[in-house]
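Participant: Have a look at this one.
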Amino acid sequence: MLDPIGTVETPFDTFSDAPSQGFLADHQGKITLRSPLDHAIKGLAEGELIDVVWYADGADRSLLRLNNGEKGVFATRSQDRPNPVSITRCEITAIEKNEISIKGVDMIDETPILDIKPAFNGPRQERSQQRELSAPSIPKSANLD
């Protein structure tokens, strides 16, 4: 049903090796996009935050409760869940051709990447972006005097 856009290289071989949340450490990784998807990263830049959507293909899909049954899996950010789609906010450290270097990874090595989205910080950001899109553009060659 979903076709991964690429994979990520990380220093982690198992979920127990990886931090529970990527922002808890600055571990580095590199997303390699399938060709010709390198054209889809235009507009992303070093230093920006992105949400990396990934498939935890080694997750326990039968797990429904955690913490000795105290919490349902939907009340957690655990990768173990019926449909193990996860989201990690990462910072772009470099972009070269079809590779995006990132920090803040919490996925295991060779994890399938489903999507990449610019980080979203709430309604204010959305309204600001809508204003930018609706503002008339002025050609760079226009004389403003």
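The values are calculated or read from the model by the stated rules, or taken from the named source; none is laboratory data. Please read all numbers here as calculations on a predicted model, not as lab measurements. Counting neighbours? That spans all protein chains shown, and the Cβs are built from the backbone with ideal geometry, glycine included. Protein only, heavy atoms only, side chains kept; ligands, DNA and RNA dropped before computing areas. Shrake-Rupley method; radii C 1.70, N 1.55, O 1.52, S 1.80 Å.
Participant: Residues of the stretch 56-97 being within 18 Å of Val8 (Cβ to Cβ) and assigned to a loop (DSSP other than H, G, I, E, B), which ones? Even if it seems obvious, please write down each step before you answer.
Facilitator: As a first pass, look at the stretch 56-97 and keep what is within 18 Å of Val8 (Cβ to Cβ): 56-59, 77, 79, 84-97.
Result: Ala56, Asp57, Gly58, Ala59, Arg77, Gln79, Pro84, Lys97.
Participant: Answer yes or no as to whether Val85 is in contact (Cβ under 8 Å) with a residue 12 or more places away in the chain, of a type in the set (A, V, I, L, M, F, W, C) and surrounded by 14 or more Cβ atoms within 10 Å (Cβ to Cβ). It would help to see each step written out before you state the result.
Facilitator: Numbers: in contact (Cβ under 8 Å) with a residue 12 or more places away in the chain: yes; of a type in the set (A, V, I, L, M, F, W, C): yes; surrounded by 14 or more Cβ atoms within 10 Å (Cβ to Cβ): yes.
For Val85, the condition - in contact (Cβ under 8 Å) with a residue 12 or more places away in the chain, of a type in the set (A, V, I, L, M, F, W, C) and surrounded by 14 or more Cβ atoms within 10 Å (Cβ to Cβ) - is met.
Participant: Of the conditions (1) modelled with pLDDT of 95 or more; (2) open to solvent by 70 Å² or more (accessible area, probe 1.4 Å), Val53 fails just one. Which one is it?
Facilitator: Unmet condition: (2).
Participant: Please return the ranges of strands (runs of 3 or more DSSP E) entirely within the stretch 5-55 where 1 or more residues are in contact with a helix residue (DSSP H, G or I) (Cβ under 9 Å, 6 or more places away or on another chain), closer than 18 Å to Thr111 by Cβ and among the aliphatic types (A, V, I, L, M).
Facilitator: Values: elements: 6-9, 28-33, 49-55.
Ranges flagged: 28-33, 49-55.
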